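A short reminder: the numbers here are calculations on the coordinates, not readings from a lab. Computed from a prediction, not measured in an experiment: that's the story for all the values here. Don't worry about glycine lacking a Cβ; one is built from the backbone with ideal geometry, like all the others, and counts go over all protein chains shown.
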Amino acid sequence: SDVKIASADVVISSPGRNFVTLVLKTDDGLVGLGDATVNGRELAVASYLRDHVAPILIGRDAHAIEDTWQYLYRGAYWRRGPITMAAIAAVDVALWDLKAQAAGLPLYQILGGRSRNAIRAYGHAYGTDLDELTDSVRALLEQGFGAVRVQVSTPGIGGGYGVAEAGDGGYEPARGQRPVEEPFDPGRYVRSVPAMFDKLRNTFGPELDLLHDVHHRLTPIQAARLGKSLEGYAPYWLEDVSPAENQAALRLVRQHTTVPLATGETFNSVFDYLQLFADQSIDYVRSSVTHAGGITGLRRILDMAAVGQVKSAIHGPTDVSPVGLAAALHLDLALHNFGIQEFMQHVDLTFEVFDVGYSFANGYFQPGERPGLGVSLDARAAERFPYRAAYLPVGRLLDGTVHDW
Ligand code: GCO
Ligand code: MG
């Protein structure tokens, strides 16, 4: 087309937590947004975009989405990786935003139209003990959630992944000028999880979908044992049971348990999934649009996943910005092999910078009918929240050995 990219700017803002947003403008006056937030490494993506991508975007055809994706992916020479693929994702999503706006349609219509009535979401429940967790689950049920991720401190260790300390105003793992160091003990953890499921099943019954995130911390055989120990509680999934770059690990886990497995939030390309799809060793793809090369990148992964009836479970923590979440929702609505959408709720401050067209009610999202993504960024408000360093924790075993967090 003869519509050109006229400008490419990166907005780093911290309304509640750090976000990196790419703002593309066309010479016919449209504004497209892309999320480029990589939690704890935000400035690397901002530099990749500002210093290496923006200069070669100016003047390019704003409607040539596939060509731009391939130009940035193959042209970088150094392929893949979270920083590169988040930068490519931001460009991709901004271009899809622009194309849908130019068509006067909400993005999901450009991606194939509505494939379901609404987008089912799961919320995050946590507690420092089982009573606190039970109250946290109940609060989500009152919001209409039918699926809940459940995380609890390991007895005798405290804290733990996914558990906010009282008064923290919600769970935001990245913080501080240096990483917080968090203790973990695989044995105590594996022995404590069945009691969590037992309490929740006895309290809420068999219908409630209970998800649990192991967060990369077990060896394959420990993960196999955990899965076996939970069979009777029918978890909806166990997530990231073992560091997923060792894709063969899940083949071993699969041999021992029928508990569905979800992984991929730390992945950034289809190549990270190829063996998992070939082995049929996962049931849900966890990548976000932001971290897996955008709509173009994640759609490719999910279309391959569909061959093995593997479903989407797009990553939706607070470190995916409202721009990234909106992109996920448009894709969620159009995909056939949709599974579920993660919804860890942004704090109110975030919406002083981002105005969104999506909505959530009674456990379900709608992406909204605004043209494009349906999100706008208030640049002046963004300036009120300067970037501040925030690091994800480092895990250590009780003997001090660095472990997977
Ligand atoms: C999830 C993820 C997050 C990550 C966070 C890292 O399932 O939502 O595991 O909780 O820890 O996105 O930045
Ligand atoms: Mg996770």
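Computed values, structure above
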{"item": "Scaled radius of gyration (Cα, divided by 2.2 N^0.38 Å) that the stretch 97-165 gives", "result": "1.71"}
{"item": "Tilt relative to the chain, helix 294-307 - C-alpha long axis, 0 to 90 degrees, to 10", "result": "50 degrees"}
{"item": "Phi to ³J(HN,Hα) by Karplus 6.51 cos²θ - 1.76 cosθ + 1.60 over the stretch 62-74, Hz, x for Gly, Pro", "result": "6, 9, 8, 6, 5, 5, 5, 4, 5, 4, 7, 6, 7"}
{"item": "Segments 4-15, 168-179 sorted - mean Cβ within 10 Å per residue, highest first", "result": "4-15, 168-179"}
{"item": "Fraction of beta bridges assigned by DSSP in the stretch 312-405 that are antiparallel (%, nearest 5)", "result": "90 percent"}
{"item": "Distance in nm between pseudo-label sites at Glu383 and Arg114 (7 Å out along the Cβ direction from Cα)", "result": "4.1 nm"}
{"item": "Nearest-ten-degree value, helix 130-142 long axis tilted from longest Cα axis of the chain", "result": "40 degrees"}
{"item": "The chain: relative contact order in percent, alpha carbon pairs under 8 Å with at least 6 residues between", "result": "23 percent"}
{"item": "Long-range amide H partners of Gly368 with built H, under 5 Å", "result": "Ser359"}
{"item": "Most to least packed among 389-402, 222-235 [average Cβ atoms within 10 Å]", "result": "222-235, 389-402"}
{"item": "Simple label model, 7 Å out from Cα along Cβ direction - Ala234 to Ala6, nm", "result": "5.7 nm"}
{"item": "Kirkwood-based Rg to Rh ratio, the stretch 31-112, C-alpha trace", "result": "0.98"}
{"item": "Value of relative contact order over the stretch 12-139, rounded to a whole percent, pairs C-alpha under 8 Å and six or more apart", "result": "24 percent"}
{"item": "Charged-residue dipole, Cβ positions (Lys, Arg, Asp, Glu), the chain about Cα centre, Debye nearest 20", "result": "700 debye"}
{"item": "The stretch 3-153: radius of gyration over Cα atoms, expressed as a fraction of 2.2 N^0.38 Å", "result": "1.31"}
{"item": "The stretch 157-306, relative contact order in percent, only Cα pairs under 8 angstrom and at least six apart counted", "result": "16 percent"}
{"item": "Positive minus negative residues near Ala248 (Lys, Arg vs Asp, Glu; Cβ under 12 Å)", "result": "0"}
{"item": "Sites Asn246 and Asn362 - FRET efficiency at Förster radius 60 Å, r taken between beta-carbons, to 0.05", "result": "0.95"}
{"item": "For the chain, built as a Gaussian network whose Cα springs stay under 10 Å, the top-fluctuating residue of Gly159, Gly372, Gly75", "result": "Gly75"}
{"item": "Normalised convex hull volume, the stretch 243-323, alpha-carbon set, Å³ per residue", "result": "85 Å³"}
{"item": "Selected from Tyr77, Val3, Gly29, residue furthest toward positive end of dipole (the stretch 1-84; charges at beta carbon)", "result": "Tyr77"}
{"item": "Rounded to whole Å, sorted largest first: equivalent-ellipsoid semi-axes of the stretch 361-405, Cα gyration tensor", "result": "38, 22, 8"}
{"item": "Along principal axes, Cα extents of the stretch 312-405, largest first, whole Å", "result": "54, 39, 22"}
{"item": "Highest to lowest packing among 290-299, 184-193, 211-220, scored as the average C-beta count within 10 Å", "result": "290-299, 211-220, 184-193"}
{"item": "C-alpha long axis of helix 220-230 to longest principal axis of the chain, angle in °", "result": "70 degrees"}
{"item": "Principal axis box of the chain, alpha-carbon based, largest edge first, Å", "result": "62, 44, 42"}
